[in-house]
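The values are calculated or read from the model by the stated rules, or taken from the named source; none is laboratory data. Keep in mind the model is a prediction, meaning the values are calculated, not measured. Please note: Cβ atoms are built from the backbone with ideal geometry, for glycine as well, and neighbour counts cover all protein chains shown. Heavy atoms of the whole protein, side chains included, go into the accessibility calculation; ligands, DNA and RNA do not. Shrake-Rupley method; radii C 1.70, N 1.55, O 1.52, S 1.80 Å.
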Amino acid sequence: MKELRYEAPADVAAAVALLSRPGARAIAGGTNLVDLMKLGVETPDLLVDVDALDLAGVEDTADGGLRIGAGTRNSDLAADPRVRSRYPVLSRALLSAASGQLRNAASTGGNLLQRTRCSYFTDTSKACNKRVPGSGCPAVEGLSRGLAVLGTSEHCLATHPGDMSVALAALDAVVHAETPDGPVEIPLVDFHRLPGDAPQTDTVLPAGSVVTAVSLPPSRGVSTYRKARDRASYAFALVSVAAVLEVEDGVVRDVRIALGGVAHKPWRATLAEQALTGQPATAESFRAAADAELAQATPTAQNAFKVPLARRLVVGTLLELTGADL
Amino acid sequence: MTTRSSLTLTVNGTDHALELDHRTTLLDALREHLGLTGSKKGCDHGQCGACTVLLGGRRVNACLTLAVQVRGREVTTVEGLGTPEDLSPLQEAFLECDALQCGYCTSGQLVSGVAVQQEAADGWPSAVTEDLTAGLSGPVVLDDAEVRERMSGNLCRCGAYRGITAAVLA
């Protein structure tokens, strides 16, 4: 790690001013940033402690939703009674992520901004377009088993590694941030980017910004999160599914599906949602909807297994939500 | 450029005034500056759990925590759980259940185990808790599956997991 300064700003405006300096990075729980600093992937010379901003806490909103402060720890959010009873998909996603120790440290804002765990990104002896733009992507012809199958580019196969953001994508969450040009609200589904020819940029958040909160609209339907991984616990998703389902008289009235572990961003499965809305809530329609989404997959030989895995996981998750006996 | 800070770390109830490089992790501060070597450096990347300490009563990986960020907050290490003459209940249970072999991961397992018992008492669900709302009105009852899931952030290369699980349940 290189030598660095540390500042604990008094308010959000001061944090934005500090973060607008080159070489500055925001730190909250540090679970991702400190690790990347040890690896030499992140080399900040100024850390701005956004925990000093007192942004933790979950509040009810006037419209019946929730406002989650960016400093809220993953463990507190997962255990919040309102999240557990009204947004189980979010509790389940958080509880499936990382370990008890990491969830106690990891913040909501930091979780949104965590970097990919692609092994080429974290290995500074290798090329990586995300870490060193223009250096190349060894994953295309190398190790890609854990990497993306949707929305990929020739420049990057990295995935967004998180679980929380996948649930937030299915919940139509909105990210609130203070930027150097003032406050912004960005729908979660638009917050993370696809790699295209600029994989070094993970999100649309302008440089120098501080994420202040995430808001959830009022809860609807039933929801849950399922995650397929190589170990039973404490592993990143190979594929995960967040689903919110409303069924009336056996017909799908509304459905929202997001996939994790398969793309550079939480992947909202809009084609599947369109295919399913108005259809009978049966395994057959669920399979057709999953196929409609996954037809656009561009897997490598190593990660082609993710496509049928995602299909089965979507169908299984939706069946679980209909109360079908699995 | 100021790359060091003077700060107070409160560890096991005692205040320590230190001047530390901002890069210093809580783990290195404990081990190298305070001589508290109970917390172990295994992977140094938050993957093994050997460095687990309580921060404000909650378990965290000390290797991923910068000391400067926890100034003034209460840190509890394995040295604060019990003493050789007066072991804590979980330490007694580890002996009873043969919950270790080489012992390198044990301090992290103990600190994590104490936290797991508290989290369940507080009604926190886990990934294997079937009914997320079950703990809203009281503790979550731990069983084998719950302990294995909740302790998954602590690795044991000797494979003493059966004993560890039994000790946390004892």
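When you scan segment A:28-45, do you find a residue that is more than 11 Å from every other protein chain (Cβ to nearest Cβ), touching a strand residue (DSSP E or B) at 6+ places or on another chain (Cβ under 8 Å) and farther than 28 Å from B:Gln47 by Cα, even just one? No - not one qualifying residue is present in segment A:28-45. Contact map, segment B:149-165: first residue within 14 Å of chain A (Cβ to nearest Cβ), second residue buried (at least 22 other Cβ atoms within 10 Å of the Cβ) and of a type in the set (Val, Ile, Thr), Cβ cut-off under 7 Å, separation 6 or more or different chains; pairs are B:Arg150/B:Val116; B:Met151/B:Val116; B:Met151/B:Ile164; B:Met151/B:Val168; B:Asn154/B:Thr52; B:Cys156/B:Ile164; B:Thr165/B:Val147.
Scanning segment A:151-170 for residues that are assigned to a loop (DSSP other than H, G, I, E, B) and touching an Asp or Glu at 6+ places or on another chain (Cβ under 8 Å) yields A:His155, A:His160.
Here is the figure for segment B:121-137: residues that are part of a helix (DSSP H, G or I) and of a type outside the set (A, V, I, L, M, F, W, C) total 2. Note on segment A:228-239: residues that are within 12 Å of chain B (Cβ to nearest Cβ) and touching a Phe, Trp or Tyr at 6+ places or on another chain (Cβ under 9 Å) total 1.
What are the residue pairs meeting all of these: first residue in segment B:58-70, first residue at the interface with chain A (Cβ under 7 Å from one of its Cβ atoms) and in contact (Cβ under 8 Å) with a residue 12 or more places away in the chain, second residue in a strand (DSSP E or B) and of a type in the set (Gly, Ala, Ser), Cβ atoms under 6 Å, and 6 or more apart or on different chains? Note: pairs meeting the criteria are B:Val68/B:Ser5. Give A:Thr116, A:Thr122 a once-over and let me know the one that is surrounded by fewer than 24 Cβ atoms within 10 Å (Cβ to Cβ) and either without any contact (Cβ under 8 Å) to a residue 24 or more places away in the chain or in a loop (DSSP other than H, G, I, E, B) (or both). Every option except A:Thr122 fails the conditions.
Looking only at segment A:49-78, which residues are hydroxyl-bearing (Ser, Thr, Tyr) and surrounded by 18 or more Cβ atoms within 10 Å (Cβ to Cβ)?
Result: A:Thr72, A:Ser75.
Kindly provide the set of residues from segment B:42-61 that are open to solvent by 30 Å² or more (accessible area, probe 1.4 Å) and farther than 17 Å from B:Val75 by Cα, ordered by number. Passing the criteria: B:Gly42, B:Cys43, B:Asp44, B:His45, B:Gln47. Filtered by the rule that a residue be in contact with a strand residue (DSSP E or B) (Cβ under 9 Å, 6 or more places away or on another chain) and aliphatic (A, V, I, L, M), segment B:115-133 gives B:Ala115, B:Val116, B:Ala127. When segment A:94-111 is filtered for residues that are open to solvent by less than 10 Å² (accessible area, probe 1.4 Å) and more than 10 Å from every other protein chain (Cβ to nearest Cβ), the ones remaining, listed by number, are A:Ser107, A:Thr108, A:Gly109.
This table checks each residue for (1) of a type outside the set (A, V, I, L, M, F, W, C); (2) more than 18 Å from A:Ala167 (Cα to Cα); (3) assigned by TED's automatic domain parsing to the domain that holds A:Arg67; (4) within 17 Å of the chain's Cα centre (by Cα).
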{"site": "A:Val222", "(1), (2), (3), (4)": "no, no, yes, no"}
{"site": "A:Ala232", "(1), (2), (3), (4)": "no, yes, yes, no"}
{"site": "A:Val239", "(1), (2), (3), (4)": "no, no, yes, yes"}
{"site": "A:Ala242", "(1), (2), (3), (4)": "no, no, yes, yes"}
{"site": "A:Val247", "(1), (2), (3), (4)": "no, yes, yes, no"}
{"site": "A:Ala272", "(1), (2), (3), (4)": "no, no, yes, no"}
{"site": "A:Thr277", "(1), (2), (3), (4)": "yes, yes, yes, no"}
{"site": "A:Thr300", "(1), (2), (3), (4)": "yes, yes, yes, no"}
{"site": "A:Leu318", "(1), (2), (3), (4)": "no, no, yes, no"}
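The combined condition, being of a type in the set (A, V, I, L, M, F, W, C), more than 8 Å from every other protein chain (Cβ to nearest Cβ) and touching a helix residue (DSSP H, G or I) at 6+ places or on another chain (Cβ under 9 Å), is fulfilled by A:Ala24. The set of residues in segment A:125-146 being in contact (Cβ under 8 Å) with a residue 40 or more places away in the chain, crowded, with 19+ Cβ neighbours inside 10 Å and within 30 Å of A:Val210 (Cβ to Cβ) consists of A:Asn129, A:Lys130, A:Arg131.
Residue by residue, here is whether (1) surrounded by fewer than 19 Cβ atoms within 10 Å (Cβ to Cβ); (2) assigned to a loop (DSSP other than H, G, I, E, B) holds:
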{"position": "A:Ala14", "(1), (2)": "yes, no"}
{"position": "A:Ala17", "(1), (2)": "yes, no"}
{"position": "A:Pro22", "(1), (2)": "yes, yes"}
{"position": "A:Ala26", "(1), (2)": "no, no"}
{"position": "A:Gly40", "(1), (2)": "yes, yes"}
{"position": "A:Thr43", "(1), (2)": "yes, yes"}
{"position": "A:Leu47", "(1), (2)": "no, no"}
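Among the candidates B:Ser88, B:Ser112, the residue that is within 15 Å of the chain's Cα centre (by Cα) and within 11 Å of chain A (Cβ to nearest Cβ) is uniquely B:Ser112.
When A:Arg86 is tested against the conditions (1) under 20 Å from A:Tyr225 (Cα atoms); (2) open to solvent by less than 10 Å² (accessible area, probe 1.4 Å); (3) within 14 Å of chain B (Cβ to nearest Cβ), the lone failure is (2). On inspection, A:Thr179 qualifies as surrounded by fewer than 22 Cβ atoms within 10 Å (Cβ to Cβ) and of a type in the set (Ser, Thr, Tyr).
Before we move on, is A:Pro9 buried (at least 19 other Cβ atoms within 10 Å of the Cβ) and away from every other protein chain (no Cβ under 12 Å)? Taking the combined requirement at face value, the residue satisfies it. Of all residues in segment B:109-150, those satisfying the criterion of being of a type in the set (S, T, N, Q), closer than 16 Å to B:Gln91 by Cα and open to solvent by 10 Å² or more (accessible area, probe 1.4 Å) are B:Gln117, B:Gln118. Filter segment A:255-270 for residues that are part of a strand (DSSP E or B) and open to solvent by 40 Å² or more (accessible area, probe 1.4 Å) and give the result. A:Arg268, the sole residue that qualifies. Filtering segment A:171-198 to residues that are acidic (Asp, Glu), part of a helix (DSSP H, G or I) and touching a helix residue (DSSP H, G or I) at 6+ places or on another chain (Cβ under 8 Å) leaves nothing.
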